[in-house]
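This report refers to the structure that appears directly beneath it.
The values are calculated or read from the model by the stated rules, or taken from the named source; none is laboratory data. Being a predicted model, the structure only gives us computed values, none of them experimental. In this analysis, Cβ positions are derived from the backbone assuming ideal geometry, glycine residues included, and neighbour counts consider all displayed protein chains.
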Amino acid sequence: MKGTEAFQELIPLIEDEPVVHANGFICRESFALKDREANFYMIGSMGLASSIGLGVALCKPDKKVIIIDGDGNVLMAMGTLAMIAAEAPKNLIHVVIDNEVYESTGSQRSLSNKVKLEEVARSTGYKNVLRVEKKEEIKAAFLKLKDSEGPNFLLIKVEPGFDPATGRVTHTPEEITDRFMQAIG
Amino acid sequence: MVVSVISKIGKGLNVSSLTSQSFIERLIQEDYKFFTGVPCSLLSGLIYELEDQNQNQKEEIRYIPSVREDAAVGLCVGAYLAGTMPVLLMQNSGLGYCLNAFTSLNLIYKIPALVIMSWRGKAGKDAPEHIIMGDIDQELLKTAGMEYSILSEENCEEVLKKAKQKICEEKLPYTLIVEKGLFDERH
């Protein structure tokens, strides 16, 4: 499955949950498919979507919080997986779109073709960990994780194939902050 | 203790009144409720007090150990977005790790935090690994356009007010630099 197809499956499953998006094509795919006020789009600060999502989840325990991350981001901030597992917020779902490359900079290889990120998450102590490779599996896996106490981890293996014509997030960073804060109250 | 701290505010804190405990209680009073960071011995008394608050659940505050200073910045950003005022505690050695997060996240998204940064390597008197950062940390903050104050017993109230104004009105991080000896060290 292509990354775009993963987003086409995943995004319609999101209801009113705050979603923190990693930088790069993760933001752009999600923005292009469906822009939402409760979407926090990162335009830089690679590696920090996971810690931002953890902060939101800890301070909003009554809301399910979703992180949409990439393999390069997770590898950069592997220690944050330990922080998530140690704090163990029940309301956190960490989704990783794993294409095994740094696609937005020219598809240089990452390490996730050799290192299984879902195994890293499992061994740090995430409660439920699932890995899917077919788009037909995404819905059931995501809904199962959404209904189970977290922190939960969903790894979606995809092929590279991001369309560079996909638009960039058009909101200013300040607008992203303001609307996200208003949306999650 | 909270009552006694409040009673001192009007008069200004005197030399003997600024302790790890009184400072943490003062921060809580200022509505800072989310604390995270990477430890430094110069901040060990403060972190001990935070863990104590955690255990006793005196207030709805928490201290989350972070594995890296930039992850602590991320955590603070998440807390702020969720409506809780965050504090980041770190050694100045962590400033290098944080600069990208400050410049590509906090400063452009207008997401504030109170940063409490210890000053290792002051005046070239410290272990070798601290000397260069001890010399340039304030220049780095200035270059990034991040305001700071060197915290002292005398200026505590004044700089907390300044920090609050920067954070609440301009939505920018504000750094308090902590020198050795300002707070007790607990090992």
* **Hits in the stretch B:141-178 - residues which are of a type outside the set (A, V, I, L, M, F, W, C) and within 12 Å of the chain's Cα centre (by Cα)** => B:148, B:149, B:173, B:174, B:175
* Asked: Looking at the stretch B:32-82, which of its residues are facing chain A (nearest Cβ under 7 Å) and either among the charged types (D, E, K, R) or surrounded by fewer than 19 Cβ atoms within 10 Å (Cβ to Cβ) (or both)?
  -> B:67, B:68, B:70
* residue A:49 is checked against (1) buried (at least 24 other Cβ atoms within 10 Å of the Cβ); (2) away from chain B (no Cβ under 12 Å) and fails just one. What number does that condition carry? -> (2)
* Among what's in the stretch A:33-46 and is in a loop (DSSP other than H, G, I, E, B) and farther than 14 Å from residue A:70 by Cα, pick the residue that is farthest from the other protein chains (Cβ to nearest Cβ). => A:34
* Structure fact -> Pairs returned, first residue in the stretch B:112-125 that is on the phi > 0 side of the Ramachandran plot, second residue that is of a type in the set (Gly, Ala, Ser), beta-carbon separation under 9 angstrom, 6 or more apart or interchain, are B:121/B:93; B:121/B:127; B:121/B:134; B:123/B:134; B:124/B:134
* To do: Assess whether residue A:169 counts as being surrounded by fewer than 20 Cβ atoms within 10 Å (Cβ to Cβ), part of a loop (DSSP other than H, G, I, E, B), in contact (Cβ under 8 Å) with a residue 24 or more places away in the chain and among the β-branched types (Val, Ile, Thr).
  => no
* Asked: Residues of the stretch A:18-32 being assigned to a helix (DSSP H, G or I) and either modelled with pLDDT of 95 or more or not hydrophobic (A, V, I, L, M, F, W, C) (or both), which ones?
  -> A:26, A:27, A:28, A:29, A:30, A:31, A:32
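Please work out if residue A:127 is surrounded by fewer than 14 Cβ atoms within 10 Å (Cβ to Cβ), basic (Lys, Arg) and over 18 Å from residue A:26 (Cβ atoms). Don't jump to the end; show me each part of the working.
Working: surrounded by fewer than 14 Cβ atoms within 10 Å (Cβ to Cβ): no; basic (Lys, Arg): yes; over 18 Å from residue A:26 (Cβ atoms): yes.
So residue A:127 does not fit the description; no.
Which of the following residues is at positive phi, more than 14 Å from chain B (Cβ to nearest Cβ) and surrounded by fewer than 24 Cβ atoms within 10 Å (Cβ to Cβ): A:119, A:100? Lay out the reasoning, then the answer.
Numbers: A:119 fails: at positive phi.
None of the other options fit; the residue is A:100.
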